[in-house]
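Chemist: Questions regarding the structure given below will be posed in turn.
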Amino acid sequence: MKRTAILFCVENNILEQQAKLLTTSIRKFIPDVDIFAFSPRLDYLPSPATENILSDLDVVHIKDNINTKYLSYPIANKVLATAHFEQNFPIYSTVIFVDTDTVFLNDITSFLSSNQPKLYLRPVDNKGPGTEGSGDNNDHFWQNAFKLLNVKIPKPEIQTSVGQSIIRGYFNAGLIWKNEIHDFYTTWLSDFERLINSNLRPLNYQSRTGDDFRCLDQVALAITTQRYVEYLHILPESYNYPIPFRPLLEPRLKLEDLVHVHYHKWFQHPDFIDHVCDETDRNSSTYQWLQKHLPISPTISNDFKC
């Protein structure tokens, strides 16, 4: 029997509030999947209250201490968690990792019927440390990273979802969906660690904590994806939809047609949902459902991206 799992990470910070919304959305719109929440750093476990809520929503909470090497780089949690899951839960033929600051707004069953190997991804929003090819300031880094891992570098053929740049394959790690590929996440971890242990870093891209690991999870994902490129399928734009940029996106998809939304911190802003929605959206059941669950606390009052 084909089994599907959705994974995310949760720790004792804003991720707790995000995890509650994400899990609630999965249970509403995708009831026939198993949900696993990972807390990979033992000093950052969520509160007992959050654990109780996840338990009530039938979430399997895995608190194995699997991130002991990258404690100052929490984004490594997702790479470690997905590999850990792949190695310990081989009964799942479909495994979908999502960032905790995302939410489902529709069912995904139309993509769950395939028994063929598939890798579903979305491009990054903007080029960032990506490369448009030879002549790009970042291209030397990409050439060396692919050479280090002995993978043929792809041509610039992927269009970013917001900036519309044409770049070498570079994908948003907020939604990674593998189907019938048994070692993808384990390979991603191996590529990530080899990249971390090298001296290769993209120019001028440091994390908020000051280390130089920023974006290396997504760079490694790009390299791993190229190893499995024959299985790659770009999901429709209704998936991993970058809703903070919605005012810039044309044609604008209807809110009720979005399947999976990536909101980053913005669901903490009390006025955000009205900022990115029009009158048609406000009459939809999707908007009304979101309104019941927003804003997430603690609230913020930052200026919007656009």
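The values are calculated or read from the model by the stated rules, or taken from the named source; none is laboratory data. Note that the structure is predicted; figures quoted are calculated from it, not measured. Virtual Cβ from ideal backbone geometry, glycine too; neighbours counted across all protein chains shown. Accessible surface is based on the protein model in full, side chains and every heavy atom, while ligands, DNA and RNA are left aside. Shrake-Rupley method; radii C 1.70, N 1.55, O 1.52, S 1.80 Å.
Chemist: Might you work out the accessible area of His61 for me, using a 1.4 Å probe with all protein chains in place, and round it to the nearest 10 Å²?
Modeler: 40 Å²
Chemist: How much FRET efficiency would the formula 1/(1 + (r/R0)^6) give for Ile91 and Asn199, where r is the Cβ-Cβ distance and R0 is 35 Å, rounded to 0.05? Provide the component values of the computation, followed by the final result.
Modeler: Numbers: r = 40 Å, r/R0 = 1.13.
After rounding, the FRET efficiency stands at 0.30.
Chemist: Could you order Ser134, Ser165 so the one with the most accessible surface comes first? Probe is 1.4 Å.
Modeler: Result of the area sort, largest leading: Ser134, Ser165.
Chemist: Sequence gap at least 6, Cα distance under 8 Å: using those rules, report the relative contact order of the chain to the nearest whole percent.
Modeler: Numbers: 546 pairs, mean separation 56.9, N = 306.
RCO, the chain: 19 percent.
Chemist: Here is a further query. Compute, for Cys306, the solvent-accessible surface of its heavy atoms (probe 1.4 Å) with the complete set of protein chains present, and express it in square angstrom to the nearest 10.
Modeler: 40 Å²
Chemist: Among (1) 162; (2) 222; (3) 133, which is the computed volume of the Cα convex hull per residue in Å³?
Modeler: Given (1) 162; (2) 222; (3) 133, the calculated one carries the label (3).
Chemist: Among the lysines, which have Cα under 23 Å from the Cα of Lys127 when same-chain residues fewer than 8 positions away are ignored?
Modeler: Within the straight-line limit of under 23 Å, Lys127 reaches these lysines: Lys78, Lys147, Lys152, Lys155, Lys265, Lys305.
Chemist: With both partners inside the chain, how many of the DSSP beta bridges are antiparallel, as a percent to the nearest 5?
Modeler: Close to 45 percent.
Chemist: To the nearest 500 deg cm²/dmol, what mean residue ellipticity at 222 nm is calculated for the chain from DSSP H runs of n ≥ 4 alone, each contributing -39,500 (n - 2.57), summed and divided by the residues?
Modeler: -9000 deg cm²/dmol
Chemist: Can you send over the solvent-accessible area of Ser72, 1.4 Å probe, protein chains only, in Å² to the nearest 10?
Modeler: Its accessible surface works out to 70 Å², give or take rounding.
Chemist: Moving on. Using 1/(1 + (r/R0)^6) with R0 = 51 angstrom and r between the beta carbons of Asp274 and Asp183, what's the FRET efficiency to the nearest 0.05?
Modeler: 0.70
Chemist: Could you list the GluC sites (Glu not before Pro) in segment 67-158 that lie in coil according to DSSP, counting only those with at most 12 other Cβ atoms within 10 Å of their Cβ?
Modeler: Glu157
Chemist: For the pair Gln143 and Asp32, what calculated FRET efficiency results from E = 1/(1 + (r/R0)^6), where r is the Cβ-Cβ distance and R0 = 45 Å, to the nearest 0.05?
Modeler: So the FRET efficiency works out to roughly 0.55.
Chemist: Further question: Scan around His61 for amide H atoms under 5 Å from its own, H built in the peptide plane at 1.01 Å from N, and keep only partners 5 or more places away or cross-chain.
Modeler: Under 5 Å from the amide H of His61 lie the amide H atoms of Ala37, each far enough along the sequence or on another chain.
Chemist: Using alpha-carbon pairs under 8 Å, 6+ residues apart, how would you state the relative contact order of segment 120-162 in percent?
Modeler: Once divided by the residue count of segment 120-162, the mean separation gives 52 percent.
Chemist: Right, here's the next one. Tally up the carbon and sulfur contribution to the accessible surface of the chain as a whole percent, 1.4 Å probe, everything protein left in place.
Modeler: Numbers: 6350 of 13520 Å².
That share works out to 47 percent.
Chemist: Right, something else. Explain nothing, just the number: dipole magnitude of the chain about its Cα centre with +1 on each Lys and Arg Cβ and -1 on each Asp and Glu Cβ, in debye rounded to the nearest 20.
Modeler: 520 debye
Chemist: In whole Å, how far is the Cα centre of segment 231-283 from that of segment 289-306?
Modeler: Their Cα centres are 13 Å away from one another.
Chemist: Can I ask one more? Return the single residue from Asn106, Asn115, Asn138 with maximal mean-square fluctuation; model: Gaussian network over the chain, springs between Cα atoms under 10 Å.
Modeler: Most flexible of the set in this elastic network: Asn115.
Chemist: Mean separation of Cα pairs under 8 Å and 6+ residues apart, divided by the residue count of segment 72-208: what relative contact order is that in percent?
Modeler: On the way: 175 pairs, mean separation 49.4, N = 137.
Here the relative contact order equals 36 percent.
Chemist: Using the heavy atoms of the protein chains and a 1.4 angstrom probe, tell me the accessible area per residue for the chain in square angstrom.
Modeler: Result: 44 Å² per residue.
Chemist: Please say if segment 166-306 is rounded, prolate or oblate, where rounded means a/c under 1.5 for a ≥ b ≥ c the square roots of the C-alpha gyration tensor eigenvalues, and otherwise the choice is prolate for a/b larger than b/c and oblate otherwise?
Modeler: Details: a/c = 2.43, a/b = 1.62, b/c = 1.49.
Cα axes put segment 166-306 in the prolate bin.
Chemist: Now for a different question. For a quick check: with amide H placed at 1.01 Å from N, whose amide H comes under 5 Å from Tyr170's, ignoring anything fewer than 5 positions away on the same chain?
Modeler: Under 5 Å from the amide H of Tyr170: Val124.
Chemist: Here's another thing I want to ask about it. If we count every other residue with Cβ under 10 angstrom of Gly163's Cβ, Lys/Arg +1 and Asp/Glu -1, where does the sum land?
Modeler: After counting each charged neighbour, the total is 0.
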